[in-house]
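The values are calculated or read from the model by the stated rules, or taken from the named source; none is laboratory data. Keep in mind the model is a prediction, meaning the values are calculated, not measured. Counting neighbours? That spans all protein chains shown, and the Cβs are built from the backbone with ideal geometry, glycine included.
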Amino acid sequence: MLKSIKFAALAVAGAAALSACAQQEEEVVYTSPEEAYCVQTGGQYVLRSGKAGTIGVCILPDGQERDALAYYRENNPA
């Protein structure tokens, strides 16, 4: 009898712990405003290396690739 009560208590505690974990949302951290803008508008942000160095590229939902900083500045004038 005592074993079954302990087992039931452990099962309830385990279920409560798992449900708490399932409710937590991961915080997304962006490294730059242009990356955040790209992702928030439905794009995919990638880094590309070239002769001029590394640049951020925003791949828009329609497949068009844009320089992420230029895309951000066009849509967020100072």
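Among the residues of the stretch 22-40, is any assigned to a helix (DSSP H, G or I), exposed (fewer than 10 other Cβ atoms within 10 Å of the Cβ) and either touching a Pro at 6+ places or on another chain (Cβ under 6 Å) or modelled with pLDDT under 95 (or both)? Taking every residue of the stretch 22-40 in turn, at least one turns out to be assigned to a helix (DSSP H, G or I), exposed (fewer than 10 other Cβ atoms within 10 Å of the Cβ) and either touching a Pro at 6+ places or on another chain (Cβ under 6 Å) or modelled with pLDDT under 95 (or both). The single condition among (1) modelled with pLDDT under 80; (2) among the hydroxyl-bearing types (S, T, Y); (3) in contact with a Gly (Cβ under 7 Å, 6 or more places away or on another chain) that S4 does not satisfy is (3).
Taking the stretch 41-78 as the range and being in a strand (DSSP E or B) and among the aliphatic types (A, V, I, L, M) as the test, the residues that pass are V46, L47, I55, V57, I59.
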